[in-house]
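See below for the structure under consideration.
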Amino acid sequence: MNFDEINNSLNAQSAREIEVTVVTLGGSEKRAVNAGTTIRDFKERYGLTDNRMVDSEGRLLTDSDILSSDMQVFVSTPKRNG
Amino acid sequence: MHWYKDKTITEASKPQPFKVTECLSVLKAMWDKPKITELVISSTAWYKLTAYINLVGDYEITGFGKIEEATVDGKKTMAVTDIDIIDQEVKSAFVEAEDDAIIKFIQSLPEDQRDKWTLDWHSHVSMSTSPSGTDWDNWSDMLKARMNKQFPAMIINKQGEVTAYQIISDLDQTKIKVLIEKNKLDEDTIINIYNECKTKVEKMCKKADVSYRKLTEDDIYKPLENTVSNTWFSNDSMRTGVYDDDVCSVCGAALDKRDSRAYEQELCPECYDRYFLGIGGDAVDAD
């Protein structure tokens, strides 16, 4: 097994930029991140750690999920009024 | 100083590069001019709002509204042209919707309309339409969830009073002048609106199953399940649902099992220091 080849391919992937379209109640915003960024890092970077994030199929994105290609994510927070 | 703090061991770890939190959107929003200073509520939207807030009786209700450019009396303005609600739990002094309900709502909208349904509204039954602390807090959370894009927020009551703000940033909110298009709709349209709203309320609004009783000394150590009660830690706090054993009943922070006195009373160490319990009485602030 050639570990250098594997590591180099992983490095190449993380150097590639992908576009994440964040859809919220305010509309859509595009953000460019490196492929291989975790959802946790993405949330921390954009101050969304308290928000729920799902993909276009409604699947909940967890902190350990990895952004590897262009995708659309939906974000919200609970609504509490009174 | 709590005993557990003396026994805390801190291990230094290798310094890691610091990752910044993006705040360019915060800076761009700061001191931004309000995008909406005047809002006209169309007759259809007003009939729907009136239907929703009356269909839930003495409970609060919440939803979103569609805002579009319109010409009123020859003048260009912004108008609320439609109103909708989301899956929610209605209460007499609060209304709550989970984040997945809001995401479900966003996903139900046609893609080209997602930036139009920006109005955040809720009702105050018969109380004043001034925003409460809960409202300001939630609008702040909503601002972050909208990637710091300003949005209009409105409160309405059964007396037809309306208060609306343009939430620009955490530091800046401006009042919106609200006008209501007083145009009587024909009976068939009114009946259609009524039936549509009634169906949605029956499908989407859930009422909390609550019972009230005064806490006694025995209740200090026994979590109440499926009840709502005025806790005596704060004069205006109300909690619903099942108590979570691992969460402070005042601030929601994780409990520390090493501090048994605080843990038994479902308080985090800080809140245990701050409050002590008055048996059957009001909250007593240790300060």
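The coefficient of translational diffusion for the stretch B:1-148, derived via Stokes-Einstein from the alpha carbon Kirkwood radius under 37 °C and 0.692 mPa s, stands at 175 µm²/s.
Within the shell defined by Cβ-Cβ distances under 10 Å, the residues around B:Met30 carry a net charge of -2, with Lys and Arg each +1 and Asp and Glu each -1. Residues B:Thr44, B:Thr199, arranged from fewest to most other Cβ atoms within 10 angstrom of their Cβ, appear as B:Thr199, B:Thr44. With the biggest extent put first, the Cα atoms of the stretch B:43-121 measure 41, 28, 15 Å across the principal axes.
Amide H to amide H distances under 5 Å link B:Thr174 with B:Gln166, B:Ile168, where only residues 5 or more positions off or on other chains count and H is placed in the peptide plane.
Between B:Glu161 and B:Thr189, the modelled labels are 2.9 nm apart [label points 7 Å from Cα along Cα→Cβ]. Between B:Ser128 and B:Thr71, the contour length at 0.36 nm per residue exceeds the Cα-Cα span by 17.5 nm. Counting Lys and Arg as +1 and Asp and Glu as -1 over every other residue whose Cβ lies under 12 Å from the Cβ of A:Met71, the net charge comes to -2. Across the stretch B:85-138, the volume of the C-alpha convex hull divided among the residues equals 94 Å³ per residue. Counted by Cβ distance under 12 Å from A:Asn81, the other residues give a net charge of -4, where Lys and Arg count +1 and Asp and Glu count -1.
FYI, it's all coordinate maths here, none of it is from the lab. Given the structure is predicted, the values throughout are model-derived calculations rather than measurements. Please note: Cβ atoms are built from the backbone with ideal geometry, for glycine as well, and neighbour counts cover all protein chains shown.
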